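A.B. asks: One structure follows; several queries about it will come next.
The values are calculated or read from the model by the stated rules, or taken from the named source; none is laboratory data. The model shown is predicted, which means the values in this text are computed figures rather than measured ones. Glycine gets a Cβ as well: all are built from the backbone with ideal geometry, and neighbour counts include every protein chain shown. We work out accessible area using only protein heavy atoms, side chains counted, and drop any ligands, DNA or RNA first. Shrake-Rupley method; radii C 1.70, N 1.55, O 1.52, S 1.80 Å.
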Amino acid sequence: MKYSIFSAVACMLMGCMACTGNVGYKITGTVENAQEGDTVILQEAVNGDLSPLETTVIRNGYFTFEGKQDSTICRYITSKIDGREYMVDFFLENGNITVSLAKEAVSATGTYINDIHQKVREVVDKAVAEIDEAYAFLRDTTLTNEQRKEGEEQVRLKEAAYYQIVKDCMKQQITNLVGVSLFKQMYRENTLEENDSLLQQVPAMYQTDQTIMKIKDRVENGKNTMVGKKFADFELQTLSGGTKRLSDFVGKGKVVLLDFWASWCGPCLKEMPNLVVAYDKYTDKGFEVIGISLDEDEEDWRGAVEHLKISWPQLSDLKGWKCKAAKLYAIQSIPYTVLIDGEGTIICRDLRGEELQKKLEEVLKD
C-alpha cells in the first residue's frame, strides 16, 4: 500500500528523530465500522511504501500497541475495513497516544509532538478539502467556457493557498520536529532566503540530519551562484559524445543563458518556443544559450532536441536531479534560467517568457 500524507497531496514526514524520555508508549485507538478481530497494522515508510512493523486486532472496540522508544520517529497506522483503507501518520514517541481512524477525519493526539502535528493536520486538511471541491466543480460537463475558466482560476488560487498554509505552518513550528519535518519536504517551494533563515532556526539536534545537510549544501551553492557572483564552472558531456566546460562559452564577451530543462518536463517544453524566438532574435547580437538537460536517457534527450529544433549547445551528465550543474546552481525546479553577462557575472535568475524577453532586450540593446 502506498502511503500519503494530508489526503495524498504531500508527503511530509520521513524518518525524523528526536530524544525522548525513558517512559514507554501506549497507543489506543478506534477504527470506524471495525468489528471484533479486525486487523490494525503499525507501519514504517521504506522507499515510498509502507512496511509492517507490528500487527494487532480490535478487541472490545479498541486496538492497542505498546512499547518503548529511544527516539521520536514518524510511523503509520493502517487498517482495511469492508474494502476501505484507513491510514493515519503520527509520531511514535513515549507517552499515551490516542488514535482515531474514520472516513471523514483521522487523528493522533496525546503527546506534545502529536498534539502540534494534529493542529497542523486539521489546518492543512481543510485547505486540501477546498482544493478537492474546486476540482469537483470542474468535473461538471455542463459548465460554460466562462464558468470553466473561473473554476480553473479557483483551483489555482486554492492550490496557492494550500502551499502558503503549509509554509506558514512550517515557519511557525520550525523549532520543533513537526516544523522540521515539513521543512524537509517543502524546502523546494521556498526561496533561497527563506531556506537560509529556516536553517538558522532548526534546533541543534537536527542540524546533522541528512536532508537538513543537503538543504545546507543547496543554500550554500545558491549563495555562491546568486546575482552578482561570478559563474561557477562545470564540465558535462555533449550530444556528440565529447565534453565541454561552461567556461568554454562564458566570460568571452557573449551574454549566455543557462537553460535547465528536461524532455519529460511539460512546462519546459511549453516554454521552449519562447526561447527559440529569443535565440533567433539575439544570436547575432552576442547572445548564446546553453541547454543543461536533467534527462537520464540519452535518446529521450536527443529526441527532444531534434523535435523542438533546438540549435544551441546542449550539455548533460544524464543524472537527472543529481546533475552536478543543477546542484552547483541550486536548481530546485525546472524550467529554470541563469543569465550571465559577457564578463561572466550572473545578472539574473529564473526569468521566463515575457520577463526574459524584456531582460534580453535591455541587456542586448544596440
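A.B. asks: From (1) under 30 Å from Phe183 (Cα atoms); (2) in contact with a helix residue (DSSP H, G or I) (Cβ under 8 Å, 6 or more places away or on another chain); (3) open to solvent by less than 80 Å² (accessible area, probe 1.4 Å); (4) in contact (Cβ under 8 Å) with a residue 24 or more places away in the chain, pick out the condition that doesn't hold for Cys268.
C.D. replies: (2)
A.B. asks: Right, another one. Just give me the residues in segment 97-133 being over 22 Å from Lys158 (Cα atoms), assigned to a helix (DSSP H, G or I) and either among the hydrophobic types (A, V, I, L, M, F, W, C) or open to solvent by 10 Å² or more (accessible area, probe 1.4 Å) (or both), in sequence order.
C.D. replies: Correct list: Tyr112, Ile113, Asp115, Ile116.
A.B. asks: Restricting attention to segment 225-245, does a residue exist that is in contact with a Pro (Cβ under 8 Å, 6 or more places away or on another chain) and loosely packed, with under 13 Cβ neighbours inside 10 Å?
C.D. replies: Checked segment 225-245: at least one residue is in contact with a Pro (Cβ under 8 Å, 6 or more places away or on another chain) and loosely packed, with under 13 Cβ neighbours inside 10 Å.
A.B. asks: OK, next. Do you know which residues across segment 283-295 are of a type outside the set (Asp, Glu), assigned to a loop (DSSP other than H, G, I, E, B) and either open to solvent by 70 Å² or more (accessible area, probe 1.4 Å) or at pLDDT 95 or above (or both)? Even if it seems obvious, please write down each step before you answer.
C.D. replies: Initially, segment 283-295 is screened for residues of a type outside the set (Asp, Glu), giving 283, 285-287, 289-294.
The next check asks that each one be assigned to a loop (DSSP other than H, G, I, E, B); those that pass are 286, 294.
Leu294, the sole residue that qualifies.
A.B. asks: With respect to Ser197, determine if the residue is free of Cβ contacts under 8 Å to residues at least 60 places away in the same chain and loosely packed, with under 13 Cβ neighbours inside 10 Å.
C.D. replies: Values: free of Cβ contacts under 8 Å to residues at least 60 places away in the same chain: yes; loosely packed, with under 13 Cβ neighbours inside 10 Å: no.
For Ser197, the condition - free of Cβ contacts under 8 Å to residues at least 60 places away in the same chain and loosely packed, with under 13 Cβ neighbours inside 10 Å - is not met.
A.B. asks: Right, another one. Out of the residues in segment 296-323 that are touching a strand residue (DSSP E or B) at 6+ places or on another chain (Cβ under 6 Å) and assigned to a loop (DSSP other than H, G, I, E, B), which is surrounded by the fewest Cβ atoms within 10 Å (Cβ to Cβ)?
C.D. replies: Taking the candidates together, the pick is Pro313.
A.B. asks: Let me ask something else about it. So the check is Cβ under 9 Å with 6+ separation or different chains; which pairs have a first residue in segment 248-259 that's open to solvent by less than 10 Å² (accessible area, probe 1.4 Å) and a second one that's charged (D, E, K, R) and in a loop (DSSP other than H, G, I, E, B)?
C.D. replies: Pairs that qualify, where the first residue is open to solvent by less than 10 Å² (accessible area, probe 1.4 Å) and the partner is charged (D, E, K, R) and in a loop (DSSP other than H, G, I, E, B), are Val250/Asp233; Val256/Asp341.
A.B. asks: Looking only at residues that are open to solvent by less than 40 Å² (accessible area, probe 1.4 Å) and part of a loop (DSSP other than H, G, I, E, B) in segment 342-358, which one is nearest to Val276 (Cα to Cα)?
C.D. replies: Here is the first cut: in segment 342-358, the residues open to solvent by less than 40 Å² (accessible area, probe 1.4 Å) are 342, 344-346, 348, 351, 353, 356.
Subset that is part of a loop (DSSP other than H, G, I, E, B): 342, 344, 351.
Numbers: Gly342: 20, Gly344: 23, Leu351: 15 Å.
Checked segment 342-358; the qualifying residue nearest to Val276 (Cα to Cα) is Leu351.
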